[in-house]
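Data block below; observations after.
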Amino acid sequence: MDPALNPLPALSLWQPWASLCTPPGPKYLETRGWAPSPDMVGRRVAIAATGTIPKDAKDFLRADTPTAQPLLDAIRDCGFHVAWDRKALKHNLPLGQVLVTATLAGVYPMIESTDTNVANLPDRCILIAPHGRLLMVDPGGDRDVTDQLPFGIFEAGRFAFHLTDRRAVVGRHPAKGHQQFWNWRPTGIYDATA
């Protein structure tokens with residue numbers, strides 16, 4: 001079957017966060033200020049890198065702060081190079097293309113609470129607990145997801161998209177990003193394990 005006949009819902013992410021979703025990258029939660037429609041859960045989605053690295057992201061990558069260092073370490077661990085040369089950001093991050101497909105396994109509203117008793121929490125949420133800890137509460141089993149802190153904006157009222165079965169895309173698949181979900185029409189074989 002022609003893959004172009006079956007568009008995939010896609011999300012655009014700024015770099016370097018998009019590349020960190022590519023296996024074996026450490027990012028498996030994408031954070032947003034909005035929730036998708038419930039029928040998106042369980043679907044295969046594409047993750048695309050935007051065509052540019054915005055000034056805010058460049059400033060963050062330039063910062064010599066404790067919050068920037070884990071992100072910079074993860075970028076290097078994934079085989080990418082990010083450095084400042086005079087006033088320009090030098091990097092080998094792919095831009096303007098689809099990088100990975102994944103299953104959207106769940107969407108978790110974020111709540112902040114000092115009550116860490118999961119019996120008192122919604123069935124499905126990301127608990128922003130005291131002392132900078134994150135807990136994914138899920139009927140299938142709760143788990144600590146504090147390792148995701150450097151890779152998203154975790155604030156009450158936002159949402160975490162849980163990406164599982166992440167697969168790198170084979171070849172270069174140019175894409176123009178959009179806000180929220182958009183339809184990506186692959187131009188051929190794209191999945192690394194198809």
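Which percentage, to the nearest 5, of the DSSP beta bridges contained in the stretch 9-118 is antiparallel?
On the way: 10 of 14 bridges.
The answer is about 70 percent antiparallel.
Quick one: 3J(HN,Hα) in Hz for the stretch 153-169, Karplus 6.51/-1.76/1.60 with θ = phi - 60°, rounded, Gly and Pro as x.
Per-residue couplings from phi come out as 9, 9, 9, 3, x, 8, 10, 10, 9, 8, 9, 10, 6, 6, 10, 5, 7 Hz.
Averaging over every viewing direction, what projected area does the convex hull of the Cα atoms of the stretch 72-130 cover, in nm²? Let's see the in-between values first.
Details: hull surface 29.3 nm².
Its Cα hull, projected and averaged over all orientations, spans 7.3 nm².
Which peptide among 136-147, 12-23 comes first, and what is the full order, when sorted by highest mean count of other Cβ atoms within 10 Å?
Packing proxy ranking, top to bottom: 12-23, 136-147.
So what's the back-of-envelope 222 nm ellipticity for the chain, counting only DSSP H runs of four-plus at -39500 (n - 2.57) apiece and dividing by all residues, rounded to 500? Each step should come with its number before you reach the end.
On the way: 2 runs with 18 residues, N = 194.
The helix contribution divided over the chain gives -2500 deg cm²/dmol.
Taking 1 over the mean of 1/r across every pair of different Cα atoms in the stretch 7-113, what Kirkwood radius in Å do you get?
15.0 Å
About the Cα centre of the chain, how large is the charge dipole given +1 on each Lys and Arg Cβ and -1 on each Asp and Glu Cβ? Please answer in debye to the nearest 20.
820 debye
Could you compute the FRET efficiency for residue 170 and residue 115, with r as their C-beta to C-beta distance and R0 at 41 Å, rounded to 0.05?
Efficiency at R0 = 41 Å is approximately 0.35.
Please build a GNM for the chain, connecting alpha carbons under 10 Å apart, and tell me which residue among 131, 173, 81 fluctuates the most.
Of 131, 173, 81, the Gaussian network model singles out 131 as fluctuating most.
If you plug each phi of the stretch 35-45 into the Karplus form 6.51 cos²θ - 1.76 cosθ + 1.60 with θ = phi - 60°, what whole-Hz ³J(HN,Hα) values come out, in order, with x for Gly and Pro?
Working through the residues one at a time gives 10, x, 5, x, 6, 6, 5, x, 8, 7, 10 Hz.
From the square roots a ≥ b ≥ c of the eigenvalues of the alpha-carbon gyration tensor of the stretch 101-194, which class results: rounded (a/c under 1.5), prolate (a/b over b/c), or oblate? Show your work: numbers first, answer last.
Values: a/c = 2.73, a/b = 2.29, b/c = 1.19.
Because a/c hits 1.5 or more and a/b exceeds b/c, the stretch 101-194 counts as prolate.
Per q in 0.09, 0.10, 0.11 1/Å, what log10 I(q)/I(0) does a Debye calculation on the alpha-carbon atoms of the chain return?
Log-scaled intensity ratios, in q order: -0.35, -0.43, -0.52.
No value in this document is a laboratory result; all are computed from the given coordinates. From a predicted model like this one, the values you see are computed outputs, not experimental measurements. All Cβ positions, even for glycine, are placed from backbone atoms using ideal geometry, and neighbour counts span all protein chains on display.
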